[in-house]
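Read-outs: derived from the displayed coordinates by stated rules, not from any lab. Please read these numbers as outputs of a predicted model, since none were measured by experiment. Because the Cβ atoms are built from the backbone with ideal geometry, glycine has one as well, and the counts that use them run over all protein chains shown.
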2 protein chains.
Amino acid sequence: MQLKSKLTGIESGGVFVVMLNSQDAAEMGIHPTDRVKISNNGREAVCIVDISKSWVNRGQVGVYKEVESGLMIKAGDSVSVSASGAPRSLEFITKKMNGARLNKQEMFAIVKDTVDRKLSDVELTAFVSSLHFNGMSMDETVALSAAMAETGKTLGIKGKMILDKHNIGGVPGDKTSMLVVPIIAAAGYKIPKTSSRAITSPAGTADRVECLCPVDLSIKEILNTVEKTNGCLAWGGAVDLAPADDMFIKVEYPLSIDPLLLPSVMSKKKAVGATHVVIDMPTGRGSKLKTIGAAHALAKDFIELGKNMDIIVNCVLTFGEQPIGYAVGPALEAREALYAISNMSTPPDLVEKVVNIAGALLDLAGEKNGKDLAYKLLKSGSAERKLRQIIDAQGGDPKIKPGDIPVGSHVAEIRSKTNGTIWWIANHDVVKIARAAGTPEDKGSGILLKKKIGDAVKGGQVIMEVYAENDRKLHDAIALVETLNPVGVYARPQDRMFIAKFPDGEEHKKFFVLER
Amino acid sequence: MQLKSKLTGIESGGVFVVMLNSQDAAEMGIHPTDRVKISNNGREAVCIVDISKSWVNRGQVGVYKEVESGLMIKAGDSVSVSASGAPRSLEFITKKMNGARLNKQEMFAIVKDTVDRKLSDVELTAFVSSLHFNGMSMDETVALSAAMAETGKTLGIKGKMILDKHNIGGVPGDKTSMLVVPIIAAAGYKIPKTSSRAITSPAGTADRVECLCPVDLSIKEILNTVEKTNGCLAWGGAVDLAPADDMFIKVEYPLSIDPLLLPSVMSKKKAVGATHVVIDMPTGRGSKLKTIGAAHALAKDFIELGKNMDIIVNCVLTFGEQPIGYAVGPALEAREALYAISNMSTPPDLVEKVVNIAGALLDLAGEKNGKDLAYKLLKSGSAERKLRQIIDAQGGDPKIKPGDIPVGSHVAEIRSKTNGTIWWIANHDVVKIARAAGTPEDKGSGILLKKKIGDAVKGGQVIMEVYAENDRKLHDAIALVETLNPVGVYARPQDRMFIAKFPDGEEHKKFFVLER
């Protein structure tokens, strides 16, 4: 059928969508979510059909932005529209829904069509749901991870050994990477670290580093930075590594499910070419992994998946029941990281965590006593010099001082109502308050803790400061502090970050469900 | 945040959707699929957020047609936009995804938000998938069915006994309702039958009846017709009975799953006020239920669900391995039904099926020998007179003759290549050929079988005729006949439609999966 195009001018979220008049669709025997092939001057695309009674008349086809650009269609162009079958991958999704296992080719077809935006939200949700309900075998997990890496870009860094780290997240204020990457690079190993921005947290590593230098690097800029300095601290979102992940997250996020945790992490590691990876697993009340047993189970899966992908993985469980260091929020955290790496101020839990993670990586790389080496590189100023080289290579000011980083000018002090000791700090509440104050968008906003778990306080003493960039948000955040009671005042400290390391140590067994 | 509205002019498929600029969204901490509350001059709605980088600028909000109409927004209006939580029902969907059972209030909340278009495709798919994966208890099925009925309109017909029938479908040419409804009405019982149009079949009952009289009746017109004649043959789509069903089908259709079969049927029966229902279950090769065991299992569920909804249900298994009668396609079938009810031509399988279904209904209503009574009402002309009354009441010509119904003028005869007996007629292939010929849109198109299973044929003898309204479609259909070989020619008949009846008869046990 030849139809005259009418342009919507609107994006359809990446997926190729066209809109048919209901009577034309009926004549062609086409229903909403069926596919049609659209041809214009030799260019073709298979599109998902939306149906309208009024916006397109009979004889018209409504064309969204993606199809307009992809097929170079102008308003009023006569384009050919014919029924087309569903993509093969839909059959494999149905197969997985019905409990069958998928082979490598089938997983690849699904991931490829996901990246090529050929699957509708309904179909993607069905796939992600089927992984949630039916689980994945290790073979499927390997196939999915490989497909996610292969359908995106790769860094292609030369060298036999590429180190990397990943934090499964959940604890606010975790600026560990900003210190670990310079330590590893200073030790002479390559560590091309890509990080994410915050989705639901107050700050991602990319948000923090952006207070020191640009993070929105091209692959070429990443390669240059690594070439010059051995490391980088770049935003992963700009470089299309394992792009299927973002499509899956779009579905997982509203449903609060996370069946793709393992492939999501490991496909990105494969794409950067990592050979040795340490996974940081914050564990405990208020973090994603509530128990050591849960962390063990996940660690085993990471290590096994790594083996199947030729990546050597070690996992480090860390204490996850309170924010890391004192600062929460992009600028406040960048400032704290810069103080710590310059040995001007050293929150003991942050330093303890950094040397454990960096130490585990150095051990993997073959060093005798990685933790001691990491500590030495930090204390000697080598790590600071390396961070400044990285800042310079990424286009920032290598002489930046902590005081140069602007933080919010609207500040409120939160005081303890009673005498006692801090017994707990609720991560989730800290996140909510920091977000109310404006994080991650308002870079200067956030929370500066004045006390941590185990610290003694007196009634009226300041336990935290809230920073915001305007009064309304400051007011919103203070109101939340009153409602949530984020800090429990009553006796004893927890500065030792290290709980256990894998594959060392005894194993706890327990089934677990990951929360987001 | 106050934003200036920019109208898309496009429907978003019923769901309330607005589009925010990516920077405004980031500032408000809002992600795609999050919700915002939109207020305009005292009118409010919670909308799902779509995000655009270019179509809306900072300070603008893109408004789809549904929101434009619902809140009476004009282009350039300043509307208030604020973050809003996800609907409560999303929590219940997550609960069901995690394997928990839902109570009545939780099911109701999900169905209500579905009907109110508050759930995104992702969320609806997650719900339907979770029913597919985790199944439903009888309590959940009852709650879901009741909620689907309660969130739509109801007929509210007076009278202690309201009869109804339903065919679970899958067999082409099934014009049984067109004869059963007049028989039941002629016996003096109320039967307010609502039917669907074809989605993937060559004709639905609404498509067939429309060749005799209007079917697009309002509730008032249905009530008038039933008042005058005891029966009606109306299209259910116009009257908003259990409207959640259409929303669920939108998700089930592309995934070829059907976890809502029972609630879908029974919620509609509840909405019309039925007290006694017969479910026709075509069974056998080429129909939805492959085995008697499968049909038994489904029949038991229907009967139990009925008990919990105060509806007395009987199920009748019928032979489903070939089309019913000879005609397939709206006009050809309407003509055949009119011939049969006028006793001018009586395909034996059609008559056998009609008197069995009508008989089962009359038995339920308390008659001594329902099947004999049904046969008498058919043969005496009472049923024909009743059908003509119904046609009249619905606004058609009560004097219509079979020859008055126009059928396609482009006709091809398909001949047997060999001598022998018809061993099988493949339902799926008949459907494909009829759809290629133009059904259900081209009402005059379709297939007229000249032979049925068990008939002897000679090489060169006509076994079927294909009807189309234009040459191109006739050509497409003929080409398909060649490819598909829909009729197997080799020895023995199957005119007896009746296999077994429930709750009578012995029980077969077997697990089954429904196909679509």
Which of the trypsin sites (Lys or Arg not before Pro) found in the stretch B:416-475 are in a DSSP loop and have at most 12 neighbouring Cβ atoms, other than their own, within 10 Å? B:K417, B:K458
What ranking do B:I162, A:I93 get, fewest neighbouring Cβ atoms within 10 angstrom at the top? B:I162, A:I93
Straight-line reach only, C-alpha to C-alpha below 17 angstrom: list the aspartates and glutamates that A:K228 could link to, leaving out same-chain residues fewer than 8 apart. A:E384, A:D392, A:D397
P(r) histogram, all alpha-carbon pairs of the stretch A:117-185 included - 5 Å bins from 0, percent: 3, 10, 11, 17, 17, 16, 14, 9, 3, 0
Bridge type composition, chain B - antiparallel percent by DSSP, nearest 5: 55 percent
For the stretch B:340-451, compute the orientation-averaged projected area of the C-alpha convex hull (one quarter of its surface), in nm². 9.9 nm²
Normalise the Debye intensity by I(0) for the stretch B:250-298, one equal point scatterer per Cα, no solvent, then take log10 at q = 0.19, 0.21, 0.28 Å⁻¹ and round to two decimals. -0.82, -0.94, -1.08
At most 15 other Cβ atoms within 10 Å and a DSSP loop assignment: could you name the trypsin sites (Lys or Arg not before Pro) in the stretch B:42-113 that fit? B:K53, B:R58, B:K74, B:R101
Position A:K307, label points 7 Å along Cα→Cβ, spacing to each other copy in nm (shortest first, one decimal): 5.3
For chain B, what is the calculated [θ] at 222 nm in deg cm²/dmol (nearest 500), taking -39500 (n - 2.57) for each run of four or more DSSP H residues and dividing by its residue count? -12000 deg cm²/dmol
For the stretch A:117-272, report the % of Cα-Cα distances exceeding 21 Å. 48 percent
For the protein assembly as shown, max minus min Cα coordinate along each principal axis, in Å, sorted largest first? 106, 60, 59
Distance histogram for the stretch A:2-84 (every C-alpha pair counted, 10 angstrom bins, percent rounded to whole numbers): 21, 62, 17
Sorted shortest first, the nm distances from the A:D246 label point (7 Å along Cα→Cβ) to its counterparts in the other copies are 3.6
What is the antiparallel percent of DSSP beta bridges lying wholly in the protein assembly as shown, to the nearest 5? 55 percent
Can you check what the Kirkwood hydrodynamic radius comes to for the stretch A:276-327, Cα pairs only, in Å to one decimal? 11.6 Å
Work out the FRET efficiency for B:K95 and B:K376 from their Cβ-Cβ distance, taking R0 = 45 Å, and round it to the nearest 0.05. 0.25
Measuring label to label, 7 Å along Cα→Cβ, what does A:K74 give against each other copy in nm, shortest first? 3.5
What Kirkwood hydrodynamic radius do you get for the stretch B:88-135 when you take the inverse of the mean 1/r over all pairs of distinct Cα atoms, in Å? 10.4 Å
Share antiparallel - DSSP beta bridges, the stretch B:2-84, percent rounded to 5: 65 percent
Taking only the alpha-carbon positions of the stretch A:219-324 as identical scatterers, the Debye log10 I(q)/I(0) at q = 0.10, 0.13 Å⁻¹ comes out as -0.35, -0.60
Run the simple label-point estimate for A:T154 and A:M344 please: 7 Å along Cα→C-beta, distance reported in nm. 4.2 nm
Those aspartates and glutamates that a straight Cα-Cα span of less than 19 Å connects to B:K417, excepting residues fewer than 8 apart in one chain: B:D429, B:D455, B:E465, B:E482
Share of alpha-carbon pairs per 10 Å distance bin for chain B, given as whole %: 4, 17, 25, 23, 17, 10, 4, 1
Kindly flag which residue pairs out of B:K300/B:K451; A:K250/B:K118; B:K118/B:K158; A:K96/A:K158; A:K193/A:K307; A:K153/A:K399 have an alpha-carbon separation exceeding 28 Å in this structure. B:K300/B:K451; B:K118/B:K158; A:K96/A:K158; A:K153/A:K399
Calculated P(r) tail over 14 Å for the stretch A:427-494, as whole % of Cα pairs: 58 percent
Alpha carbon centroid spacing (whole Å) that separates the stretch B:102-172 from the stretch A:330-373: 56 Å
Computed about the Cα centre, the charge dipole of the stretch B:2-84 from +1 Lys/Arg and -1 Asp/Glu charges at the Cβ has a magnitude in debye, to the nearest 20, of 160 debye
Ignoring solvent entirely, what values of log10 I(q)/I(0) come out of the Debye formula for the stretch B:37-102 at 0.20 Å⁻¹ when each Cα is a single scatterer? -0.84
